[in-house]
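Report on the following structure.
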């Protein structure tokens, strides 16, 4: 992928969904929209090292090209673990609202009002993420295909969901014709449409 450091960082954070903690991921995305790349350049490598999150060769390239211009230490980046291939997601997903979960009718209405008619929007879908652990609550994941403004759109939708009561919202905005990581493929495969926009976008 060729792009600005900001769009490359968005791509990296997209790939790290399901691997970074939700609370960390939404904050990094909010900082990215706010122009705080220098903060991300200091914090993200340390998070990856502390949590022992490995990256593929392509993800290491994204990490370097996104964060070195913002002041990240190349030596620190080199210490991030390497993976031979993309890890499989540990989550499963369902389009059926789990028992006890907030059905999110108000969220669907608000999101529809916010996004309806935007020319860059393809589909907006919703799914529930499950771990199988009794202590883990189901988490709604919002999936969006969009042709433009991925960084801003991600942050905007996160803020909408936080206003509706979701502390660390899970919002995944995919680039046009992007090959999805395993986390997103599984989520997209068992999700329901919230709304359909005018853009025609596909994902491999």
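Go through (1) modelled with pLDDT under 95; (2) in contact with a helix residue (DSSP H, G or I) (Cβ under 9 Å, 6 or more places away or on another chain); (3) farther than 19 Å from residue 172 by Cα for residue 64 and report which single condition fails.
Tallying (1) modelled with pLDDT under 95; (2) in contact with a helix residue (DSSP H, G or I) (Cβ under 9 Å, 6 or more places away or on another chain); (3) farther than 19 Å from residue 172 by Cα, residue 64 fails exactly one: (1).
So how many residues does region 122-153 have that are farther than 20 Å from residue 30 by Cα and assigned to a loop (DSSP other than H, G, I, E, B)?
Final tally of qualifying residues: 8.
Which residue pairs have Cβ atoms under 6 Å apart, sit 6 or more places apart or on different chains, and have a first residue in region 24-38 that is not assigned by TED's automatic domain parsing to the domain that holds residue 152 and a second that is outside any helix (DSSP H, G or I)?
26/168; 26/169; 38/71
How about region 52-72: which of its residues are surrounded by 14 or more Cβ atoms within 10 Å (Cβ to Cβ) and part of a loop (DSSP other than H, G, I, E, B)?
53, 54, 56, 72
Can you name every residue in region 87-109 that is at pLDDT 85 or above and either out of contact with any strand residue (DSSP E or B) (no Cβ under 7 Å at 6 or more places or on another chain) or over 27 Å from residue 181 (Cα atoms) (or both)?
To start, the set of residues in region 87-109 that are at pLDDT 85 or above comprises 87-96.
Residues satisfying the conditions are 87, 88, 89, 90, 96.
Do we find a residue being in contact with a strand residue (DSSP E or B) (Cβ under 8 Å, 6 or more places away or on another chain) and either closer than 16 Å to residue 12 by Cα or without any contact (Cβ under 8 Å) to a residue 40 or more places away in the chain (or both) anywhere in region 39-50?
Filtering region 39-50 for residues in contact with a strand residue (DSSP E or B) (Cβ under 8 Å, 6 or more places away or on another chain) gives 47-48.
Filter again for either closer than 16 Å to residue 12 by Cα or without any contact (Cβ under 8 Å) to a residue 40 or more places away in the chain (or both), leaving 47-48.
Yes.
Which residues, counting only those in region 73-101, are over 21 Å from residue 18 (Cα atoms) and in a loop (DSSP other than H, G, I, E, B)? Steps first, please.
The initial filter retains those residues of region 73-101 that are over 21 Å from residue 18 (Cα atoms), namely 73-76, 78-79, 99-100.
Listed by number, the residues that qualify are 73, 79, 99, 100.
Would you be able to say whether some residue in region 134-145 is surrounded by 21 or more Cβ atoms within 10 Å (Cβ to Cβ), modelled with pLDDT of 90 or more and out of contact with any helix residue (DSSP H, G or I) (no Cβ under 8 Å at 6 or more places or on another chain)? Let's see the steps before the verdict.
Just the residues of region 134-145 that are surrounded by 21 or more Cβ atoms within 10 Å (Cβ to Cβ), to begin with: 141-145.
Then keep just the ones that are modelled with pLDDT of 90 or more; that gives 141-145.
Subsequent filtering for residues that are out of contact with any helix residue (DSSP H, G or I) (no Cβ under 8 Å at 6 or more places or on another chain) retains 145.
Taking every residue of region 134-145 in turn, at least one turns out to be surrounded by 21 or more Cβ atoms within 10 Å (Cβ to Cβ), modelled with pLDDT of 90 or more and out of contact with any helix residue (DSSP H, G or I) (no Cβ under 8 Å at 6 or more places or on another chain).
Could you please let me know if residue 161 is within 15 Å of residue 128 (Cβ to Cβ), in contact with a helix residue (DSSP H, G or I) (Cβ under 8 Å, 6 or more places away or on another chain) and part of a helix (DSSP H, G or I)?
yes
Any residue that is more than 16 Å from residue 17 (Cα to Cα), out of contact with any strand residue (DSSP E or B) (no Cβ under 9 Å at 6 or more places or on another chain) and modelled with pLDDT under 90 - is there at least one of those in region 162-169?
For region 162-169, residues more than 16 Å from residue 17 (Cα to Cα), out of contact with any strand residue (DSSP E or B) (no Cβ under 9 Å at 6 or more places or on another chain) and modelled with pLDDT under 90: present.
With respect to residue 40, determine if the residue is surrounded by 21 or more Cβ atoms within 10 Å (Cβ to Cβ) and on the phi < 0 side of the Ramachandran plot.
Working: surrounded by 21 or more Cβ atoms within 10 Å (Cβ to Cβ): yes; on the phi < 0 side of the Ramachandran plot: yes.
Criteria met by residue 40.
The values are calculated or read from the model by the stated rules, or taken from the named source; none is laboratory data. All figures in this text were calculated on a predicted structure; none of them were measured in a lab. Because the Cβ atoms are built from the backbone with ideal geometry, glycine has one as well, and the counts that use them run over all protein chains shown.
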